[in-house]
Amino acid sequence: MFGDAEDPGGLPLSLLELDDPALPGPGWVHVRTRMTGICGSDSKQVLMDFGDGDPSDNAMTAMISFPQVLGHEVVGERLDTGERVVLNPWLSCEPRGISPVCPACAVGDLSLCWNFTEGQLAPGIHSGNSKDAPGGFATLLPAHESMLHTVPDGVADEVAVLADPFSVALHAITRTPPPAGGKVVVHGAGALGTCAVAILEALHPDVDVLSIARFPFQAELSRSFGATVIEHEPVEQVLEEIAAWSGSVLRHPWLGLPMAYPGHVDVVYDTIGTPQTVELGIRVLASRGALVELGVNPPGRFEWTPLYFKEIRLVGSNAFGMEDVEGKRQHAIAHYLELVGQGRVDVSRMLTHTFPLEKWRDAFAAVADQGSSGALKVAFDLRDGNGDD
């Protein structure tokens with residue numbers, strides 16, 4: 001399993017033999033890992049991809065502990081029952097043994113739990129960033145029973161392992177849905193962007209969707225879900241193409257980029273979250289439109305006059321919990337498995353690469369150079385005899 005010892009190649013990661021993880025308390029069970037996806041947060045930490053920002057200047061360091069075994073996008077098998085399960089990784093009140101639960105957990109906002117540093121576990125918001133709850137970059141991990149969702153027999157591991165990124169995108173769309181017949185832009189066509197486009201097609205078929213994609217293989221998948229797709233640069237061309245697609249009028253200032261006014265884009269789901277993508281979003285949005293931030297990157301300067309002038313709503317979107325979909329309230333992962341079972345959602349082509357744990361360098365190399373590797377979603381395959389790419 002992965003520990004936090006430093007790799008000779010310079011990465012803060014090594015493959016180590018460790019003792020089986022302890023069970024932190026009542027209600028916890030051991031899960032044998034079958035597949036684990038590499039999340040963008042994992043790759044940023046492993047590749048030390050913090051842009052120009054200072055990674056120590058981050059409020060979330062108050063809510064993690066070391067040493068860590070990463071990996072929270074997990075499909076596994078309960079050792080006590082043999083059931084295949086998907087992990088809901090949030091280390092909220094119930095896994096921490098806290099009762100009564102906090103107000104956020106009481107209403108199902110598990111990713112906004114008040115107690116990520118309290119209870120029977122060391123600080124950590126989810127499996128893989130608490131020293132007491134190692135994650136799925138390992139053969140065995142502990143999980144509280146409340147964190148486990150049974151995988152239906154007809155759903156393959158390769159499909160179930162996509163539940164986490166799908167749920168992140170679902171949360172963003174259920175909490176800030178597009179208006180009927182509206183127009184939305186999905187900025188970024190990686191795992192979150194691809195899932196967002198698929199969700200919009202399934203749940204909001206009357207909404208027009210434009211996807212901004214960096215790589216041709218990403219663009220092809222977004223088109224297959226019905227989105228209009230444009231390239232991510234140059235930025236002036238991106239603005240012009242969005243304006244033409246949405247019927248917006250571009251106003252050109254003395255210096256700098258134009259602004260759509262009036263704009264006709266109702267929501268921008270930004271899965272990247274750089275200063276550049278934030279600025280583009282507020283420039284193309286309609287007055288009182290919403291910019292939903294799913295992506296996380298280092299902050300920086302951007303020209304934000306359109307934010308106040310058009311009364312844009314800037315909405316953070318943090319992971320997932322209990323979600324309302326078509327009048328039914330249940331956990332986001334349960335919604336994903338249900339939509340897959342009904343044949344309404346199929347994002348299986350998003351999983352492009354799998355590797356065994358011992359080829360972890362190859363896995364992160366594929367993530368680091370998506371243009372050459374063609375990787376969209378990469379996962380570790382820990383099933384016997386599998387995982388060779």
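Summary table below
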| item | result |
| --- | --- |
| Rounded accessible area of T117 (nearest 10 Å², 1.4 Å probe) | 60 |
| Whole-Å distance, taken between Cα centres, linking the range 245-259 and the range 85-143 | 45 |
| Surrounding net charge for S224, when Lys and Arg each add one and Asp and Glu each subtract one, Cβ distance under 13 Å | -1 |
| Solvent-accessible surface (1.4 angstrom probe) belonging to D57, in square angstrom, nearest 10 | 130 |
| Distance between the range 265-285 and the range 170-206 - C-alpha centres, whole angstrom | 14 |
| 1.4 Å probe accessible area per residue over the range 303-383, in Å² | 46 |
| Among beta bridges that DSSP assigns inside the chain, antiparallel share in %, nearest 5 | 55 |
| Answer label for Cα Rg over 2.2 N^0.38 Å (calculated), chosen among (1) 0.98; (2) 1.04; (3) 0.94 | (1) |
| Hits among lysines - C-alpha to C-alpha of K131 under 25 Å, sequence gap 8 or more where chains match | K44, K359 |
| Accessible heavy-atom area order of W254, W90, W304, highest first, probe of 1.4 Å | W254, W304, W90 |
| Listed residues R96, R214 arranged by accessible area, highest first, probe 1.4 Å | R214, R96 |
| Between 0 and 90°, nearest 10: helix 163-175 axis offset from the chain longest Cα axis | 40 |
| C-alpha long axis of helix 332-341 to longest principal axis of the chain, angle in ° | 80 |
| With Cα atoms, 0 to 90° folded angle of helix 235-246 axis to the chain main axis | 80 |
| Derived scalar couplings ³J(HN,Hα) [the range 350-355; Karplus, 6.51 cos²θ - 1.76 cosθ + 1.60; whole Hz; x for Gly, Pro] | 5, 7, 9, 9, 10, 9 |
| Student exercise, the range 240-375 dipole from Lys, Arg, Asp, Glu Cβ charges, in Debye to nearest 20 | 180 |
| Net charge dipole size for the range 31-184 [Lys, Arg +1 and Asp, Glu -1 on Cβ; Debye, nearest 20] | 180 |
| Amide proton proximity set for L285, modelled H, under 5 Å, gap of 5+ | none |
| Max mean-square fluctuation residue, GNM over the chain, Cα-Cα springs under 10 Å, options P95, P253, P21 | P253 |
| In Å², nearest 10: area of S41 left accessible to a 1.4 Å probe | 60 |
| Over the chain: helical MRE at 222 nm, DSSP H runs n ≥ 4 each giving -39500 (n - 2.57), nearest 500 | -7000 deg cm²/dmol |
| Fluctuation leader among E338, E326, E231 - the chain, Gaussian network, Cα springs under 10 angstrom | E326 |
| Y308, Y336, Y261, reordered so the largest accessible area comes first (probe 1.4 Å) | Y308, Y261, Y336 |
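The values are calculated or read from the model by the stated rules, or taken from the named source; none is laboratory data. Since this is a predicted model, take the numbers as computed values, not measurements. All Cβ positions, glycine included, derive from the backbone under ideal geometry; neighbour counts span all protein chains shown. We work out accessible area using only protein heavy atoms, side chains counted, and drop any ligands, DNA or RNA first. Shrake-Rupley method; radii C 1.70, N 1.55, O 1.52, S 1.80 Å.
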